Each structure stands twice: as C-alpha cells, then as structure tokens.
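Participant: Below: one structure in structure tokens.
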Amino acid sequence: CSSDLAVGINAECMGNSYSAMRTKQALRVSYAGLAGITTIAGLVEVPVWIQMLACTIFTIYIGCHRSLDQNEVDPVTGQAQQAESLSSKDAYMFPVIGSAVLFSLYILFKVFSKEYINFLLTAYFFVLGVLACTTTLSPLLRGFFTKAAQEKVHQIHFQVPLNLMKDPVDWKFTAVDVVAFIISTVIGVCYVTTKHWCVHNIFGFSFSVQGIEHLSLGSFKVGCILLGGLFFYDIFWVFGTDVMVTVAKSFDAPIKLLFPKAITDPMQFSMLGLGDIVIPGIFVALCLRYDAHRAEVSGSNRDEKDKKLGADFPKPYFNACFIGYILGLAATIIVMFIFQHAQPALLYLVPGCLGSVFLTAVVRGEVSQLMAFDESPNNEKDKTKTVPEDSTKSN
C-alpha cells in the first residue's frame, strides 16, 4: 500500500510540475504575443478586433499571474511587494471621484489649449511610464544575467532636503533593474520625441500589467461594488454625454491602447481605455488568487514554489472569469463595428466577469465561501474557513 501511495504522489507531483511548466510557457507566449502583435500591426494591416483581443488577453494573463506574488518578500532585495488594497468605501467613491476627474479634464480641454495640456501630461507620463516599464521589464531580463549579478543588491539611502519627505528615501536595486531602467528611459525618450503608437502602447501595456499586479480588491464584495458602480459610470459618460469620447480623443497620453485600422498616412486608430483592461483585470486576478488560496489551504500545493508565478493548480474561478471577460470584450467589439459608435466596454465586461464567477460558484455550491473570502491586509479572520472540504476537486 505504501508503494502504491508513493507512486501516486510521484505521479501527482510529475503532473503538477508539467502543469506548472505549461503555465510558465503560457506566460512566455503572452509576452512574445504582445511584442509580436504590436510589431506585425505596424508592418501589415491586421484587423482591429484581432489586435484588441490579443493585446487585452495577453496583458490580463500576464498581470494576473504576476499578482500571485502580491505581499510576498522579494528574495533579492528583501523588500515586500505591497499591494494597494481597496476598501468598500474606496469602491463606492471610485465612480464619484472618477466622474469628477473626467469632467474636470473635459472642462480643461474646452477652456485651455489642448497642446499646452498635453505638453504637461507628456512630462508627467514620461516619468510614470519609465518607472512602470522598468518594473515590468526587470523580471524578463533576469535570465540574461548571472546569478551573482541578479542577487547583488545596491542601495541608495538619503534624506530629501527641506523636510519635503518625513522618512528618508531607501532604494534597493540590482544590475538587472539598472539595465531595465536604461531601456525604459530610451523607450520614454522615443515616446516624447515621436509619440509613435507602438511606444505609446508599450507604456500602456506596462501601466496595465502593473495595475493588475499591484492593485487588490481585497474581497469579492468590494469587487462587486466597484464593478457595479463603474458599470453605470461607463454607460452614463459614453451614452449620456460626449465627455468620455471627447477626453479620450483629446488626451494624448498612454491611458489607452491604440490599434491601427490601416497602414495609411496619417494613420487612424481604434482605442481601448486602460480602465477597460485594469478594472476587470484586477477582478480576474482576485479570482486567480482565490483559486491559489483554495489550493494552498486544501493541501493540493505540496511544494512551496507552487505559490509563485509559475504555479499551477485548479483554477475554476480564474478560467470562468477570464472566459467571461473575453466574451464581454468580443461583444463590445461586435456591437462597436455594427453600430460604428463608441461603446461603454464595461456594459459588456462587468456582466461577463461577475456573471461567470457567480454562475461557477452556484454550480459548485460555494457562493458563501466565495463571498467570505478576504485577502485585505487588515483582515484577521481565519481564511481557512472560506474553503470547503471538497475544494480539492479540479475544474
């Protein structure tokens, strides 16, 4: 019996290793896919719907799996990768604050010169874009460096003059980070000098990945509040007024992805706001971390490494939500092309994400466990209570 048990465990471990390898390969394919579809679309005419689906799918997949390391300590720098967690109050206020900012930008573009405003925005997003791009590129470049170069940590410690900051600045970085920063700075300079749509999208991809990776909804309750509020927010500002479309067309900054309709001069583009990627994306990422939590508590992850980026475990909620997002985006694209009019993407994405997750929970009989899950930092409840006894069943 013991030999049979050992064979069974070894077989399961081999299966988990194979599955984890497939996950890592899928991540590599996603990175390559982003670079490939962007390059090809700049050389030959690619249908907008293919560009839009491919870029959003790859971006969300990457961001979700990178979010598995939320609140983990970086083994190289020793710094905790703290996630920004939203509270219920934040979720309620998000559409209100978003509306105020959106309308303020609309007024600014109506009153002041668009060129002057975009000049200021270019400088602001140059700094943000370089930082986001550096953080996104660093993990990809580590394989090109020796282990010693990856692990040698440099530190800069100083106090900001005039007491502008209460705490001293403490930066820890490696040679990999320096190279990533140099590459990102070159990309930033290209963005400022050329405003080429490819460079614009590189910053957009970086912002999206970092947003999904480092933002946490905390719980499905907060996720429902946020997505529900933004569902009505998007409908009102797109269908009820010209504010959203006007700001999107006037705002010359990487807060949207650009997809060329044809290789012409000048080029014309379709747009997708980063909010339509990041907001549903952090909900999809929450589903993935919930699946990881269920696997961890149920004991199906025997190896500590399985909690990391290359992990593989049953992902019923992630798969359902990811498919729901894809179907919602496909519906957005179809309606947009039929009516030749800008569409509030969240009108289709929110039902796709929420509906798929709760349908999965109903079928599995796990609605109460799903709603009880809370990963926010101030949560002191025993999360093991949120996982049913039969949570080891696969999707």
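Participant: Being at pLDDT below 90, surrounded by fewer than 18 Cβ atoms within 10 Å (Cβ to Cβ) and under 22 Å from Glu213 (Cα atoms), is that true of even one residue in the range 130-139?
Facilitator: Yes.
Participant: To continue, here is another question. The conditions are (1) closer than 27 Å to Pro377 by Cα; (2) surrounded by fewer than 23 Cβ atoms within 10 Å (Cβ to Cβ), and Phe220 fails exactly one of them. Which is it?
Facilitator: Against the list (1) closer than 27 Å to Pro377 by Cα; (2) surrounded by fewer than 23 Cβ atoms within 10 Å (Cβ to Cβ), Phe220 comes up short only on (2).
Participant: Let me ask another. Name the pairs whose Cβ atoms lie under 6 Å apart, with the first residue in the range 213-229 and assigned to a strand (DSSP E or B), the second open to solvent by 10 Å² or more (accessible area, probe 1.4 Å), and 6 or more positions between them or separate chains?
Facilitator: Leu215/Glu84; Ser216/Ala83; Ser216/Ser85; Ser219/Asp374
Participant: Still on this model: Criterion first (surrounded by fewer than 19 Cβ atoms within 10 Å (Cβ to Cβ), within 17 Å of Ala123 (Cβ to Cβ) and either modelled with pLDDT under 95 or in contact with a Lys or Arg (Cβ under 9 Å, 6 or more places away or on another chain) (or both)) does Val192 satisfy it?
Facilitator: So Val192 passes the test.
Participant: Name every residue in the range 36-52 that is modelled with pLDDT of 90 or more, in a helix (DSSP H, G or I) and surrounded by 14 or more Cβ atoms within 10 Å (Cβ to Cβ), in order of residue number.
Facilitator: If the condition is that a residue be modelled with pLDDT of 90 or more, in a helix (DSSP H, G or I) and surrounded by 14 or more Cβ atoms within 10 Å (Cβ to Cβ), then Ile37, Thr38, Ile40, Ala41, Val48, Trp49, Ile50, Gln51, Met52 are the ones that fit.
Participant: Name the one entry in Lys315, Lys305 that is open to solvent by 40 Å² or more (accessible area, probe 1.4 Å), basic (Lys, Arg) and either modelled with pLDDT of 80 or more or under 24 Å from the mean Cα position of the chain (by Cα) (or both).
Facilitator: From the options Lys315, Lys305, the qualifying one is Lys305.
Participant: Related question: Being modelled with pLDDT under 80 and touching a Lys or Arg at 6+ places or on another chain (Cβ under 6 Å) is the filter; apply it to the range 148-189 and report the residue that is most open to solvent (accessible area, probe 1.4 Å).
Facilitator: Gln155
Participant: Moving on. Which ones in the range 115-129 are exposed (fewer than 12 other Cβ atoms within 10 Å of the Cβ) and not aromatic (Phe, Trp, Tyr)?
Facilitator: Once the filter is applied, which keeps residues that are exposed (fewer than 12 other Cβ atoms within 10 Å of the Cβ) and not aromatic (Phe, Trp, Tyr), the range 115-129 yields Glu115, Leu120, Ala123, Val127.
The values are calculated or read from the model by the stated rules, or taken from the named source; none is laboratory data. Because the structure is a prediction, the values reported are computed rather than measured. FYI the Cβ positions are ideal-geometry reconstructions off the backbone, even for glycines, and counts take in every protein chain you see. Ligands, DNA and RNA are excluded from the accessible area calculation, which covers all protein heavy atoms including side chains. Shrake-Rupley method; radii C 1.70, N 1.55, O 1.52, S 1.80 Å.
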